[in-house]
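The values are calculated or read from the model by the stated rules, or taken from the named source; none is laboratory data. Owing to the predicted nature of the structure, the values given are computational and were not obtained by experimental measurement. When we count neighbours, we look across all protein chains shown, and the Cβ atoms used for this are built from the backbone with ideal geometry, even at glycine. Quick note on the areas: whole protein, heavy atoms, side chains included, nothing else; ligands and nucleic acids left out. Shrake-Rupley method; radii C 1.70, N 1.55, O 1.52, S 1.80 Å.
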Protein chains: 2
Amino acid sequence: MAVIAIVGAGMMGSALALPFLAAGHEVRLVGTPLDREIVEALRHSQPHPKLRAPLPAEVRSYFDSELERALDGADAIALGVSSAGVRWAGEVLSPFLARTPRLLSMVSKGLAWQDEHLEVLPDVLARALPETMAGALAPVGVAGPCIAGELLRQVPTSVVFTGRSTQACEAWANLARGPFYYVHVEPDVVGAEACAALKNAFAMGVGFGAGVHEARGGSGGSVAYHNYESAVFAQAILEMQRMVELIGGNPQTAVGLPGTGDLTVTCNGGRTGRFGKWLGLGLPLAEAIAKMEGATLECLEVLRELDAALSHYDRSGRTRPTELPLLRHLTDVALRAAPVAMPFERFGRA
Amino acid sequence: MAVIAIVGAGMMGSALALPFLAAGHEVRLVGTPLDREIVEALRHSQPHPKLRAPLPAEVRSYFDSELERALDGADAIALGVSSAGVRWAGEVLSPFLARTPRLLSMVSKGLAWQDEHLEVLPDVLARALPETMAGALAPVGVAGPCIAGELLRQVPTSVVFTGRSTQACEAWANLARGPFYYVHVEPDVVGAEACAALKNAFAMGVGFGAGVHEARGGSGGSVAYHNYESAVFAQAILEMQRMVELIGGNPQTAVGLPGTGDLTVTCNGGRTGRFGKWLGLGLPLAEAIAKMEGATLECLEVLRELDAALSHYDRSGRTRPTELPLLRHLTDVALRAAPVAMPFERFGRA
């Protein structure tokens, strides 16, 4: 039995408690300063306010002010923070990690355009950490299709653990694997993490279909706008492969759980698809954002980074302006309020 | 303007009239002996009995007994028959084609295990045709995500045309391309046609998820059994790639419209998914088949051929018994009434 501290009590961080509990570990869930209301609810045995369901009673919850106590004796620390919280977490955890290096993992998804390249989050985190964390204890990222609310209900879930250290990935996998949580170790951290971020951008585009359909007077069902959505989906995977290649990963990684798997789950269960639907319905960008009532829109965050990257790639000749037509269209829609009309005629292999 | 004869007045054959009409061609729709009721309805300006919607008035419909008249002056013939009807169509059309070779295409999907290899349908059809059809007029297949009822409603649809002759593919593409029908020419006929058949088998497996979820008391929504379904989806694409490689195609073809695109559409809109759901709910195989009320179950047809192929591959050492765990599981469930329990622990790259 190990002691696992999860830092970040949002939906995914909290749901991550389930596989560790099932594997027989002690789980301590620590809220960030933004999670105080959640921890308050959990302390009073109320349902998790975002997951709208109770956590198992064995999960011990801590406020951010209790971080030191929560980390005391913890063998491994999992970060359940948003991409914006990764640098914060690195700084807050550094003093503890410098004293006692421990296994570190993260469920955050994102890409950061920095120093003229796109950086994956485990690398962003690694730079924020003390040097003693380097090598075998390099941060491990989680990719693949996982809706938090389903993990909480113990729906069979398959994910990949990925990082610069295969040894650290294997150590985490051995802690986490269990009856409903299937973990595959993926050495291609750049490819897997890039897909985890890219899928949010592309899921927005697949989501346009439901909106355009409804705007044309259609309703859901087996005959709807699936031809449109599926063509966007296929193009999305092709462009994920190209982006992964540009960032320095293996394009084949986009074919498995981190790409096709995660894009499928995000289109079926995520808020990104709902946001895309509002745009497809014809709502102006600002109104579509307002409709999401403050929910984090990872698709906009990642499209901003990708837009910066594409401008640079084009200028330096790494990409041709005819490449990646779907991704370019999505940046135009999400960042420059272009109409959603999908450029199917430009889709294809490139 | 060209004259297009479509032979087979089922759902896909009939819907195929739409892009050709939109491109300004004359369309003649000829029923097979199994389509007499459909042609009867169309002659009386009634809705298409299977599509449950009217065809455009410009479509001229013909009974099978009127085939000769329908083909008179036709520049191109599209087969809208089921995989079982391909050999029949080849024999019936041969006398006409021997006299005047014409462009020939087909929307049928399938794989035939024969002479110790899996054959794609355009090749099955080519062997049933007179020699004058060889070369530039080799049959063209259609793959990619296309629900017939959506094509009929002019939902934007992206497909690939594929065949042994790129010239014939391009000629068909030029006839069919239009405002809502986007055609890409795919030279890898083995890969594209294999995916078109394989997706039915794999969609059945994705469909298990909804059934298992319901059997556990769940209902639809954004939190359901999407983690399970998406993991099966990702594994399906990996195994499609491996099967395409074994049959002699390019694994990358499974990544675009013929693979990820068509599997997505089939999971969202097809009867194969519904059949999988019945099995996931725990219905015995025979009862699940009965529930489908006589609908053609392409998944069972293709799984039978794949089962024969896998036995042979294993014996000859082309495959290891640990490869393709999802596909093997699906053959066990569909052909040997094995329980649906998904072998997630055996999934992975292989």
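Data overview
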{"item": "Residue in the stretch A:124-142 that is touching a strand residue (DSSP E or B) at 6+ places or on another chain (Cβ under 9 Å), more than 15 Å from A:ALA168 (Cα to Cα) and in contact (Cβ under 8 Å) with a residue 60 or more places away in the chain present", "result": "no"}
{"item": "Residues satisfying the stated conditions in the stretch B:312-341, i.e. surrounded by 19 or more Cβ atoms within 10 Å (Cβ to Cβ), assigned to a loop (DSSP other than H, G, I, E, B) and more than 14 Å from chain A (Cβ to nearest Cβ)", "result": "B:THR319, B:LEU324"}
{"item": "Condition check for A:GLY149: touching an Asp or Glu at 6+ places or on another chain (Cβ under 6 Å) and within 22 Å of A:ALA15 (Cβ to Cβ)", "result": "no"}
{"item": "Helices (runs of 4 or more DSSP H) lying entirely in the stretch B:256-302 (those with 2 or more residues that are of a type in the set (Gly, Ala, Ser) and away from chain A (no Cβ under 14 Å))", "result": "B:285-291"}
{"item": "Residue in the stretch B:175-195 that is open to solvent by 30 Å² or more (accessible area, probe 1.4 Å), more than 8 Å from chain A (Cβ to nearest Cβ) and at pLDDT below 95 present", "result": "yes"}
{"item": "Those residues of the stretch B:154-174 which are more than 16 Å from A:PHE344 (Cβ to Cβ) and either without any contact (Cβ under 8 Å) to a residue 40 or more places away in the chain or at the interface with chain A (Cβ under 10 Å from one of its Cβ atoms) (or both), in sequence order", "result": "B:SER165, B:THR166, B:GLN167, B:CYS169, B:GLU170, B:ASN174"}
{"item": "The stretch B:308-350, residues that are among the charged types (D, E, K, R) and either in contact with a Leu (Cβ under 6 Å, 6 or more places away or on another chain) or touching a residue at least 60 places away in the same chain (Cβ under 8 Å) (or both)", "result": "B:ARG318, B:GLU323, B:ARG349"}
{"item": "Every residue from the stretch A:104-121 that is open to solvent by 30 Å² or more (accessible area, probe 1.4 Å) and not aromatic (Phe, Trp, Tyr)", "result": "A:LYS109, A:GLN114, A:ASP115, A:GLU116, A:HIS117"}
{"item": "One residue from B:ALA290, B:ALA254, B:ALA309 being open to solvent by 20 Å² or more (accessible area, probe 1.4 Å) and of a type outside the set (Lys, Arg)", "result": "B:ALA290"}
{"item": "Criterion violated by A:GLU229 - all others in (1) touching a strand residue (DSSP E or B) at 6+ places or on another chain (Cβ under 9 Å); (2) open to solvent by less than 50 Å² (accessible area, probe 1.4 Å) satisfied", "result": "(1)"}
{"item": "Single residue of B:SER65, B:SER61 found to be on the phi < 0 side of the Ramachandran plot, more than 24 Å from the chain's Cα centre (by Cα) and outside any loop (DSSP other than H, G, I, E, B)", "result": "B:SER65"}
{"item": "Verdict on A:GLY217 being of a type outside the set (Phe, Trp, Tyr) and open to solvent by less than 10 Å² (accessible area, probe 1.4 Å)", "result": "no"}
{"item": "Number of positions in the stretch A:87-113 that are among the polar types (S, T, N, Q) and either in a helix (DSSP H, G or I) or farther than 19 Å from A:ALA15 by Cβ (or both)", "result": "2"}
{"item": "Qualifying residue in the stretch B:131-142 (condition: within 14 Å of chain A (Cβ to nearest Cβ) and out of contact with any Cys (no Cβ under 9 Å at 6 or more places or on another chain))", "result": "yes"}
{"item": "Checking B:PHE344 against (1) away from chain A (no Cβ under 14 Å); (2) closer than 17 Å to B:ALA203 by Cα, the condition it does not meet", "result": "(1)"}
{"item": "Subset of the stretch A:196-216 [in contact with a Phe, Trp or Tyr (Cβ under 7 Å, 6 or more places away or on another chain) and within 13 Å of chain B (Cβ to nearest Cβ)]", "result": "A:VAL206, A:GLY207, A:GLY209, A:ALA210, A:VAL212, A:HIS213"}
{"item": "Cβ-Cβ under 8 Å pairs, at least 6 apart or on other chains, the stretch B:88-100 side closer than 13 Å to B:GLU68 by Cα, far side among the acidic types (Asp, Glu)", "result": "B:PHE96/B:GLU68"}
{"item": "Of residues in the stretch B:129-153 being small (Gly, Ala, Ser) and at pLDDT below 95, the one least open to solvent (accessible area, probe 1.4 Å)", "result": "B:ALA138"}
{"item": "Count - residues of the stretch B:1-43 that are in a loop (DSSP other than H, G, I, E, B) and either more than 20 Å from B:GLY73 (Cα to Cα) or open to solvent by less than 30 Å² (accessible area, probe 1.4 Å) (or both)", "result": "8"}
{"item": "Residue in the stretch B:69-86 that is β-branched (Val, Ile, Thr), closer than 22 Å to B:ALA173 by Cβ and assigned to a strand (DSSP E or B) present", "result": "yes"}
{"item": "Single residue of the stretch A:233-247 satisfying the filter (touching a residue at least 60 places away in the same chain (Cβ under 8 Å) and more than 10 Å from every other protein chain (Cβ to nearest Cβ)) that is most open to solvent (accessible area, probe 1.4 Å)", "result": "A:ARG242"}
{"item": "From the options B:SER230, B:SER219, residue that is of a type in the set (Ser, Thr, Tyr), within 14 Å of chain A (Cβ to nearest Cβ) and part of a helix (DSSP H, G or I)", "result": "B:SER230"}
{"item": "Condition broken by A:LEU51, with the remaining ones in (1) open to solvent by less than 40 Å² (accessible area, probe 1.4 Å); (2) over 21 Å from A:PRO156 (Cα atoms) satisfied", "result": "(2)"}
